[in-house]
Amino acid sequence: MFRNKVNSHESTPAERKARVEGLLQKEKERRDRLKELEINYTFPGFSALVAQAKTKPAVAAVEPKTKAIKKSGKK
């Protein structure tokens, strides 16, 4: 029940922005550490997703159609 309650919380745009900024900062630090260790490894990561999201126009979210299931008292 606790997990469902926590997961049902809808984040605000400010919360989502802070989360993305945190992910991008951690990714930058990871890339810097790899560079310091002279490891030549490239990966798309979150920065590629953010760049891709900026180039594509925003699409309105479409809610999937769901059927309401009624529970009957009979077994």
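Laboratory data are not the source of any read-out in this text; all were calculated from the coordinates shown. All values derive from a computational prediction rather than experimental measurement. Don't worry about glycine lacking a Cβ; one is built from the backbone with ideal geometry, like all the others, and counts go over all protein chains shown.
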About the Cα centre, and with charges only on the beta carbon of Lys, Arg (+1) and Asp, Glu (-1), how big is the dipole of segment 14-55? Nearest 20 debye, please.
180 debye
Step by step: find N for segment 14-55, compute 2.2 N^0.38 Å, then divide the Cα radius of gyration by it. What's the final number?
1.29
